[in-house]
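Reviewing the structure listed below.
Here, each number is a calculation from the coordinates, and none is a lab measurement. Owing to the predicted nature of the structure, the values given are computational and were not obtained by experimental measurement. Glycine also receives a Cβ, built like all others from the backbone with ideal geometry; neighbour counts cover every protein chain displayed.
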Amino acid sequence: MTYNIDIINIFSSVGSAFVTKTSVAPLERLKVLKQAQLKYGTNKYDGIYQSLSYIRKNEGFKGYYFGNLTNIYRILPAYILKFTLNDKFKEIFKEKKTDVLNFKQLLGAGILSGLNTTIICYPFDVIRTKFSLDSHMEKRENCFLRCGYNIIKSDGLLGLYKGCSIAFISSPGYIASQFAIYQYCKDFMFKDTKYNIFLSSVLAGSFAQTLFYPGDVLKRTLMLNNNDYKGLIDCIGKIYRKHGVSGLYSGYTVNFCKMIPEVYIQFATYELLKENLNNYIK
């Protein structure tokens, strides 16, 4: 029975990853490019419409989806781990099968899920970031595996964990708050409403993104660090002195526009697949 549940969770996670990331791929790439601007000192990506037009003009329609497959490679293990582990830890925290977890228990399950996911999947995020840059920033990589090999060749295995100091704070916190708020809202706040999943997912995504977004900017900047920053504190100081607080929220507007459909599609697809696969196995 446990084996069946795990298989259902894995297939539901895979389906959610493919549908979600492909749906928001243009905004996903634009977010990475806007964050990368901090390091490369360019200003080609400003407003959303102007930035998307610039990508279309210089790279064609395929530019919107450049790196999407790489992002799916990166996100697949992350989705499988975070959804499956979160469900596992929720079961562990339950005293009885019928228990509804309180917010503290949901947060604990999310933190443990997020920490394990970050440790295992961080290298894929480093490779995806390098892969998503435009040709004016760095020489473009055309192969996911070669990109990873070149990182190891130039920086060693630790190069795959560049910028991980902030990631081990922000990523588990982001996953934990998103999962915990979503489940709590779904079980209590919006339990009897028609738009239960939509309202729960958007509220969870909005809170988690606003609180932990600077960690994502710092992580991305440190991933691309070529001795520009001596560490996390130096990175924060230099971004703040040059760009102010807005520098720590570079790409936030794009990410917020991406987040609304993304979190809903992510949770709705997962819930739908999980429900249908459960019914099929029964």
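Straight Cα distances below 18 angstrom link residue 186 to the aspartates and glutamates 87, 91, 99, 262, 271, 275, with same-chain residues fewer than 8 positions distant left out. The modelled label-to-label distance for the pair residue 99/residue 281, using points 7 Å beyond Cα in the direction of Cβ, is 2.2 nm. Note on residue 62: lysines with a C-alpha under 27 Å away, same-chain residues under 8 apart excluded, are 21, 31, 34, 39, 44, 130, 139, 219, 258. Working note: 222 nm ellipticity from helices only, DSSP H runs with n ≥ 4, each -39,500 (n - 2.57), summed and divided by the residues of the chain, gives -26000 deg cm²/dmol to the nearest 500.
Share of pairwise Cα-Cα distances greater than 23 Å in the range 125-246 is 47 percent (whole percent). If you run the Gaussian network model on the chain, springs between alpha carbon atoms under 10 Å, then out of 182, 49, 40 the most flexible one is 49. A straight line joining the Cα centroids of the range 145-185 and the range 217-282 runs 10 Å. Put in order of Cβ neighbour count within 10 Å, fewest first, the listed residues 154, 16, 206 become 154, 206, 16.
You can think of it this way: the chain between residue 253 and residue 241 has 2.2 nm of extra reach, that is 0.36 nm per residue less the Cα-Cα gap. Using a Förster distance of 41 angstrom, determine the FRET efficiency expected from the C-beta separation of residue 50 and residue 189, and round it to 0.05. Rounded to the nearest 0.05, the efficiency is 0.60. Take the Cα of residue 150, step 7 Å toward its Cβ, do the same at residue 59, and the gap between the two points is 1.4 nm. Summary of the geometry: the range 197-216 and the range 39-92, compared by the centres of their Cα atoms, lie 16 Å apart.
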